[in-house]
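Here is the structure we will look at, set down as structure tokens.
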């Protein structure tokens, strides 16, 4: 069962060996989580991840004794104990316990960024799109469909027929110089999503948080996925509709500005805490 990688994990601030992971994994039905990317031994966008976790805690209506300082210290301890250079770190918590551990990661290849990735439409939505709560059944069903169809991601469509988000990402759509994404109240408020909107604003692109019907996809110029692992990843295909997203100039501008934001955040964290 264990998704814990490497030799050690952090349990309530203490270093534990991986053989203890399954026994200490919280049994609560309501588990909150965050996945943070580590680049060059440095957690990326840590403050933003904590703010989202804090929001999930409030939405789940639970009480936890956990601060940004606890989060930072636990992740840095994990990085040190496991000698993590790059990868993904997962944090899960309930009202009593907090686990921080390394998880398997899969980053897009150079070819995926250059050519784009295939996606499909999935007619369904999260029970509570704003809170990052573990739902194993939903994840397993999506993973099975993606594997069978050889697609990278599933684009979720709600009962009204509108695109909300990806199963593990946010979705952005481009028409001319305008960038569209679903309204905040209908999606998981991704850290990358928030910063991509910032990148668009910096480069002078107009972002419209509007509902887009799945039948309008064919009229778009391009689409891309955003998330912790993919960052900004062009979409080449939605079902049987093809797009030249990887060569779209608007997406290229966003990718460049977002990479700049990543570099600035890593430097700021290193200067402050390392």
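Of all the residues in region 82-114, those that are surrounded by fewer than 16 Cβ atoms within 10 Å (Cβ to Cβ) and either without any contact (Cβ under 8 Å) to a residue 12 or more places away in the chain or touching a strand residue (DSSP E or B) at 6+ places or on another chain (Cβ under 7 Å) (or both) number 7. Scan (1) within 17 Å of the chain's Cα centre (by Cα); (2) free of Cβ contacts under 8 Å to residues at least 40 places away in the same chain; (3) over 30 Å from residue 249 (Cβ atoms) for the single condition residue 158 breaks and write down its number. Exception for residue 158: condition (1). Assuming residue 146 fulfils every condition listed in (1) within 27 Å of residue 6 (Cβ to Cβ); (2) at pLDDT below 95 apart from one, which condition is it? Checking residue 146 against (1) within 27 Å of residue 6 (Cβ to Cβ); (2) at pLDDT below 95, the one that fails is (2). Would you confirm whether any residue within region 20-27 is without any contact (Cβ under 8 Å) to a residue 12 or more places away in the chain and in a helix (DSSP H, G or I)? Within region 20-27, one or more residues are without any contact (Cβ under 8 Å) to a residue 12 or more places away in the chain and in a helix (DSSP H, G or I). Scanning region 29-54 for residues that are out of contact with any helix residue (DSSP H, G or I) (no Cβ under 8 Å at 6 or more places or on another chain) and assigned to a loop (DSSP other than H, G, I, E, B) gives 29, 31. Given the structure, is residue 144 over 20 Å from residue 235 (Cβ atoms) and surrounded by 12 or more Cβ atoms within 10 Å (Cβ to Cβ)? Against the criterion (over 20 Å from residue 235 (Cβ atoms) and surrounded by 12 or more Cβ atoms within 10 Å (Cβ to Cβ)), residue 144 does not qualify. The condition (being more than 20 Å from the chain's Cα centre (by Cα) and assigned by TED's automatic domain parsing to the domain that holds residue 39) is satisfied by just one residue among 68, 85, 73: 73.
The values are calculated or read from the model by the stated rules, or taken from the named source; none is laboratory data. This one's a predicted model, so the numbers in the text were calculated from it and none came from an experiment. Reconstructed Cβ throughout: ideal geometry from the backbone, glycine too, with neighbour counts over all protein chains shown.
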